[in-house]
Amino acid sequence: MNNKKLNKATALLVVAAAFLIISVGATLAYVAYKTPEVTNEFEPVAVSCAVEEEFANGVKSQVKVRNTGDTTAFIRVAIVVNWVNDANGTVLATAPIEAQDYTLTLNANGWKKGNDGYYYYENPVKIDQTTDTLISSATAINQPEGYSLSIQVLASALQSDPKKAVEQSWGATIMDGVLVPN
């Protein structure tokens with residue numbers, strides 16, 4: 001008699017498990033069949049910038065940076081000054097000295113120099129907008145024969161939001177929407 005009760009209990013347990021498996025399977029099949037397909041609409045931002053400058057009669061001027069990306073961005077610039085051989089493009093090992101070999105007139109409006117040597121534009125630059133002018137003019141004074149003054153402006157941009165992106169990548173601080181370089 002005890003064996004009979006055990007067999008009934010086992011049979012009842014098997015039937016309950018089968019019912020549960022069939023119910024779960026049918027529910028999943030129904031949900032999979034009835035749930036519409038969802039398209040992921042996430043698009044990453046493109047952050048880029050371009051240096052705009054004028055050059056006439058050996059004078060570089062009106063140097064600024066345009067945000068060419070598709071999101072508001074912070075901009076920073078490195079200025080690299082060298083003597084470049086006119087014949088073969090090689091760089092002279094001795095770097096030019098400011099005020100002795102060339103003049104560089106900077107516009108401090110909106111730009112701050114960081115301890116890392118970069119110039120940081122304080123305000124985020126909107127899409128297709130430019131910074132204020134950084135270099136008003138740059139002119140060679142005393143250049144070696146066969147060489148020309150080369151002033152390269154190397155700009156980089158980072159999305160302004162979230163501010164953590166700039167703070168972590170550049171080590172700067174964003175206070176009330178304004179970039180403060182270290």
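The values are calculated or read from the model by the stated rules, or taken from the named source; none is laboratory data. Since this is a predicted model, take the numbers as computed values, not measurements. Cβ coordinates were reconstructed from backbone atoms using ideal geometry, including for glycine residues, and neighbour counts include every protein chain displayed. Areas reflect the complete protein model, heavy atoms only, side chains present, ligands, DNA and RNA absent. Shrake-Rupley method; radii C 1.70, N 1.55, O 1.52, S 1.80 Å.
In the stretch 70-182, which strands (runs of 3 or more DSSP E) lie fully inside it and hold 2 or more residues that are touching a residue at least 24 places away in the same chain (Cβ under 8 Å) and surrounded by fewer than 13 Cβ atoms within 10 Å (Cβ to Cβ)?
Working: elements: 73-85, 102-106, 111-113, 119-121, 135-140, 147-159, 173-175, 178-180.
Output list reads 147-159.
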Condition set polar (S, T, N, Q) and out of contact with any Phe, Trp or Tyr (no Cβ under 7 Å at 6 or more places or on another chain), scope the stretch 151-182, selection modelled with the lowest pLDDT: answer is Asn182
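Per-residue answers, yes or no, for (1) in contact with a helix residue (DSSP H, G or I) (Cβ under 8 Å, 6 or more places away or on another chain); (2) of a type in the set (D, E, K, R); (3) modelled with pLDDT under 95; (4) farther than 23 Å from Thr105 by Cα:
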| site | (1), (2), (3), (4) |
| --- | --- |
| Tyr119 | no, no, no, no |
| Glu122 | no, yes, no, no |
| Thr131 | no, no, no, no |
| Leu149 | no, no, yes, no |
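Where residues in the stretch 46-69 are among the polar types (S, T, N, Q) and open to solvent by 40 Å² or more (accessible area, probe 1.4 Å), which of them is farthest from Pro124 (Cα to Cα)? Quick ask: steps written out before the conclusion?
Here is the first cut: in the stretch 46-69, the residues among the polar types (S, T, N, Q) are 48, 57, 61-62, 67-68.
Going one step further and asking which of them are open to solvent by 40 Å² or more (accessible area, probe 1.4 Å), we end up with 48, 57, 62, 68.
On the way: Ser48: 13, Asn57: 33, Gln62: 20, Thr68: 13 Å.
Checking each candidate, the answer is Asn57.
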